[in-house]
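Trainee: Quick one: the structure is below, questions incoming.
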Amino acid sequence: MLEVRDLIVSIAGNTILDGLNLTVRDGEVAAIMGPNGTGKSTLAYVIAGKEEYEVEGGEILVDGEDILAKSPDERAAAGVFLAFQYPVEIPGVGTMTFLRAALNAQRRARGEDELTTPAFMKRVNEAGAMLEIRKDFMKRALNVGFSGGEKKRMDILQMALLEPSVAILDETDSGLDIDAIRIVSEGVNKLRSAKRSFVLITHYQRLLNYIVPDTVHVMSGGRIVRTGGKELALELEQSGYRDFAPHSAAQPAAE
């Protein structure tokens, strides 16, 4: 369960999140939508622990524990996972080496035994088959030479292996064609669980055609300004964000 309470965040003296409140319960898929520049990705980064943001107030609780004082790796061990909008390439680091190191680091942090090689390979092969990831990709450096869709599938593969309690997907549909969106979405849907909370950050209804949310939140001005069911996303698809985009009274909103 994820709880964000009265969160105030700034960067370089500019307030981005202004008293934001959000609750995503166990088993819930919550979509966060809103105009550009309203703080959606900032929220994802702050929950994950990106350091350049200044948290001026509020709390972020995962399963009842405030994680703000934790480092990014400690937050990951506590169950937080962030799938990036633009996954990075890491030349010279093999995909399998990276996956095994990440998984075993979290297991050690939780006081669990590291996986043996056969147990690790079994997990990777099962998750890779689910996401239609070719086995030869596993022999390459992490994300190097991968298409956008292949990089996103690799992010979802990491999520499948790490089994987080709170999974945040920051514009996972960005840059993907319809086939890639379908495959990635099928992977996410297979990972839905009564013990896992999902936060989907997206601009468009098309992702939500495949990953149907339980709740939809609209962000504007660094806050959640409206909450509804899946039908709210359909409404936004028709009307856009004009009613939610901050603008000066002296300057009418752009058409």
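Trainee: For the stretch 181-210, give me the residue count where each residue is outside any helix (DSSP H, G or I) and surrounded by fewer than 22 Cβ atoms within 10 Å (Cβ to Cβ). Let's see the steps before the verdict.
Mentor: Here is the first cut: in the stretch 181-210, the ones outside any helix (DSSP H, G or I) are 191-204.
Going one step further and asking which of them are surrounded by fewer than 22 Cβ atoms within 10 Å (Cβ to Cβ), we end up with 191-196, 203-204.
Going through the stretch 181-210 one residue at a time, the tally reaches 8.
Trainee: Let me ask something else about it. Test residue 29 against the criterion of being hydrophobic (A, V, I, L, M, F, W, C), under 21 Å from residue 218 (Cα atoms) and touching a Leu at 6+ places or on another chain (Cβ under 6 Å), and give yes or no. Full working, then the answer.
Mentor: On the way: hydrophobic (A, V, I, L, M, F, W, C): yes; under 21 Å from residue 218 (Cα atoms): yes; touching a Leu at 6+ places or on another chain (Cβ under 6 Å): no.
No; evaluated as a whole, the condition is false for this residue.
Trainee: Under 9 Å between Cβ atoms, at least 6 apart or on separate chains: pull out the pairs that start in the stretch 75-102 with a residue that is among the acidic types (Asp, Glu) and end on any residue that is part of a helix (DSSP H, G or I).
Mentor: 89/151
Trainee: Still on this structure: Residue 228 versus (1) small (Gly, Ala, Ser); (2) surrounded by fewer than 23 Cβ atoms within 10 Å (Cβ to Cβ); (3) closer than 30 Å to residue 94 by Cβ: which is the lone unmet condition?
Mentor: (3)
Trainee: Any idea how many residues of the stretch 208-228 are under 19 Å from residue 185 (Cβ atoms) and either without any contact (Cβ under 8 Å) to a residue 60 or more places away in the chain or small (Gly, Ala, Ser) (or both)? Break it down stepwise before answering.
Mentor: Taking the stretch 208-228 first, the residues under 19 Å from residue 185 (Cβ atoms) are 208-216.
Next cut, either without any contact (Cβ under 8 Å) to a residue 60 or more places away in the chain or small (Gly, Ala, Ser) (or both) only: 209-210.
So the count comes out to 2.
Trainee: Working only within the stretch 158-180, note down all residues that are of a type in the set (Val, Ile, Thr) and assigned to a helix (DSSP H, G or I).
Mentor: Of all residues in the stretch 158-180, those of a type in the set (Val, Ile, Thr) come to 166, 168, 172, 178.
Selection gives 178 alone.
This table checks each residue for (1) among the aliphatic types (A, V, I, L, M); (2) surrounded by 15 or more Cβ atoms within 10 Å (Cβ to Cβ); (3) modelled with pLDDT of 95 or more.
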residue	(1), (2), (3)
4	yes, yes, yes
20	yes, yes, yes
27	no, no, yes
30	yes, yes, yes
38	no, yes, no
41	no, yes, no
50	no, no, no
60	yes, yes, yes
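Trainee: Is it the case, given these coordinates, that residue 80 is of a type in the set (Val, Ile, Thr) and farther than 20 Å from residue 127 by Cα?
Mentor: no
Trainee: Out of 142, 115, 169, 157, report the one residue that is buried (at least 21 other Cβ atoms within 10 Å of the Cβ) and either free of Cβ contacts under 8 Å to residues at least 24 places away in the same chain or over 26 Å from residue 26 (Cβ atoms) (or both).
Mentor: Numbers: 115 fails: buried (at least 21 other Cβ atoms within 10 Å of the Cβ); 169 fails: either free of Cβ contacts under 8 Å to residues at least 24 places away in the same chain or over 26 Å from residue 26 (Cβ atoms) (or both); 157 fails: either free of Cβ contacts under 8 Å to residues at least 24 places away in the same chain or over 26 Å from residue 26 (Cβ atoms) (or both).
Residue meeting the stated conditions: 142.
The values are calculated or read from the model by the stated rules, or taken from the named source; none is laboratory data. Remember, predicted model here, so these are calculated numbers, not experimental data. When we count neighbours, we look across all protein chains shown, and the Cβ atoms used for this are built from the backbone with ideal geometry, even at glycine.
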